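J.: To start, I am sharing the structure in question, which I have written as structure tokens.
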Amino acid sequence: MPPTVLSTVVEEFDHAIPLLGVCAGHEDAQWRFRALSNDLIEWAMDWILPHEELANISRANAFRLMGKALGRIYKTKDTELRGEIGELLLHIILRKFLNSQRAISRIYFKDAANDTVKGFDAAHIVEIPGDGSDGGLELWLGESKFFKNSSQAIGAVLDELEDHLETQYLRSEFAAISDKIESGWQHADKVKALLRQEISLDEVFERVVIPVFITFDSEVTGRHKRSNQAYRDEITAQMKREWEAFQRRFGKRTMPREVKIHLILLPMATKKDLLDAFDERLKAWQLASMP
């Protein structure tokens, strides 16, 4: 896996809704948005390309495959409302900090570069050590909100969860995921078996986790110049307040079914910094890799 500048700031896993808080840190007296935008480029192939193509990357085809992956993200000037950066950040965090494997790549199957992808924003599996009775896998179906305002992000993701946990939506979603699983992937048969229509959703959801990923503009991240202990204490306190707000608002909702949520938070100095830096790198790569 590629490296990342993201690091863990807070872990609170022993709770009904666990929390993972990560941050890109600071360099040269500012938030590391440029380094994080470079991470997004480096991780694009892992996020997008089929497992078979990833396994066969070589010096001879690496540039072509990088161009192929980056060409799938978007090719538009209207970037403010696009969600690809959030989905890619969620992919990096699931792979790097929660030991997941990607089950499918939705973005690979887009018909056109600027199409938006429907459904859950990530479909990964996590292997459960020592649990061999029914395959030892959890299916992690992610929701991502690449937002500036955390309160708006919480409201939006709770609305989306209410829709995405309805029976008809889930049946349609599971069929779409099964169709996109590569036959040669080592866990293909187990995941397809779990998502068969004859399996009760009650049984499936004993193996499903919903990682909810929220970014937000943080005055704390923007004000500090170094990621020292004072910053870590202050940003930890802020993320715990956001965690409490999420739990409080989630508790007031009636979801269509019981579900295990894992909250992931990423504070940014500004969303605009990261969006602009990534967009500049993406378009330069796309131009350089044009035939």
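J.: So which chymotrypsin sites (Phe, Trp or Tyr not before Pro) in the range 1-83 end up in coil per DSSP with only 14 or fewer other C-beta atoms within 10 Å?
T.: For chymotrypsin sites (Phe, Trp or Tyr not before Pro) across the range 1-83 that sit outside H, G, I, E and B with at most 14 neighbouring Cβ atoms in 10 Å, the list reads Phe13.
J.: If you don't mind, another one. What does the charge count around Gln286 come to, taking other residues whose C-beta lies under 12 Å from its C-beta (Lys +1, Arg +1, Asp -1, Glu -1)?
T.: Working: positive: Lys68, Arg72, Lys75, Arg281, Lys283; negative: Asp279, Glu280.
Combined, the nearby Lys, Arg, Asp and Glu give +3.
J.: Please go through the range 205-291 and write out the trypsin sites (Lys or Arg not before Pro) that DSSP classes as loop and that have at most 16 other C-beta atoms within 10 Å.
T.: Details: sites: Arg207, Arg223, Lys225, Arg226, Arg232, Lys240, Arg241, Arg248, Arg249, Lys252, Arg253, Arg257, Lys260, Lys271, Lys272, Arg281, Lys283; in loops: Arg207, Lys225, Arg226, Lys252, Arg253, Arg257.
Answer by residue number: Lys225, Arg226, Lys252, Arg253, Arg257.
J.: Please tell me the relative contact order of the chain in percent, rounded to the nearest whole number, where contacts are Cα pairs under 8 Å and at least six residues apart. Could the numbers behind the result be given before it?
T.: On the way: 436 pairs, mean separation 78.3, N = 291.
Worked out over the chain, it gives 27 percent.
J.: Right, next: With charges only on Cβ, +1 for K and R and -1 for D and E, what is the dipole size of the chain about its Cα centre, in debye, rounded to 20? Could the numbers behind the result be given before it?
T.: Values: 39 positive and 46 negative charges, 174 e Å.
The dipole of the chain has a size of about 840 debye.
J.: Hey, which of these cross-link pairs are over 18 Å Cα-Cα: Lys190/Lys260; Lys148/Lys272; Lys68/Lys283?
T.: Details: Lys190/Lys260 20 Å; Lys148/Lys272 9 Å; Lys68/Lys283 13 Å.
Lys190/Lys260, as the Cα separations exceed 18 Å there.
J.: Another question, if that's okay. Once Lys and Arg get +1 and Asp and Glu get -1 on their Cβ, which of Val9, Ile107, Ala35 lies farthest toward the positive end of the dipole of the chain?
T.: Projecting each Cα onto the dipole axis, the largest value belongs to Ala35.
J.: Now for a separate question. Within the accessible area of the chain, what % is carbon and sulfur when the probe is 1.4 Å and the other protein chains stay in place?
T.: Values: 6510 of 13850 Å².
The nonpolar share, carbon plus sulfur, comes to 47 percent.
J.: Moving on. Among DSSP beta bridges lying fully in the chain, give the percent that are antiparallel, nearest 5. Provide the component values of the computation, followed by the final result.
T.: Values: 15 of 33 bridges.
Restricted to the chain, the bridges split so that about 45 percent are antiparallel.
J.: Write out the trypsin sites (Lys or Arg not before Pro) in the range 1-89 meeting two conditions: DSSP loop, and at most 15 other Cβ atoms within 10 Å of their Cβ.
T.: Working: sites: Arg32, Arg34, Arg59, Arg64, Lys68, Arg72, Lys75, Lys77, Arg82; in loops: Arg32, Arg59, Arg72, Lys75, Lys77, Arg82.
Sparse-neighbourhood loop trypsin sites (Lys or Arg not before Pro): Arg59, Lys75, Lys77.
J.: Quick query: amide H of Val208 versus all other amide H atoms, modeled in the peptide plane; which residues come in under 5 Å with a sequence gap of 5 or more or a different chain?
T.: HN-HN under 5 Å from Val208: Leu139.
J.: Let me ask you something else. Quick one: work out Rg over Rh on the C-alpha atoms of the chain, Rh as Kirkwood radius.
T.: Numbers: Rg = 18.9 Å, Rh = 19.8 Å.
Value, to two decimals: 0.95.
J.: Okay, moving on. Can you compute the charge dipole magnitude of the range 63-102 about its Cα centre, using +1 on each Lys and Arg Cβ and -1 on each Asp and Glu Cβ, nothing else charged? Give it in debye, rounded to the nearest 20. Don't jump to the answer; show the numbers that get you there.
T.: Details: 9 positive and 4 negative charges, 59 e Å.
In total the dipole reaches around 280 debye.
J.: For the chain, with the dipole built from +1 on Lys and Arg beta-carbon atoms and -1 on Asp and Glu ones, taken about the Cα centre, which of Gly184, Ile261, Phe63 lies farthest toward the positive end?
T.: Checked the options; the winner is Phe63.
J.: Using the heavy atoms of the protein chains alone and a 1.4 angstrom probe, what is the accessible area of the chain per residue in square angstrom?
T.: On the way: 13850 Å² over 291 residues.
Using a 1.4 Å probe on heavy atoms only, each residue of the chain averages 48 Å².
The values are calculated or read from the model by the stated rules, or taken from the named source; none is laboratory data. What you see is a predicted model, and the numbers here were worked out from it, not measured in a lab. For neighbour counting, all protein chains shown are included, and Cβ atoms are generated from backbone atoms with ideal geometry for every residue, glycine included. Calculation scope for accessible area: heavy atoms of the full protein, side chains included, ligands and nucleic acids excluded. Shrake-Rupley method; radii C 1.70, N 1.55, O 1.52, S 1.80 Å.
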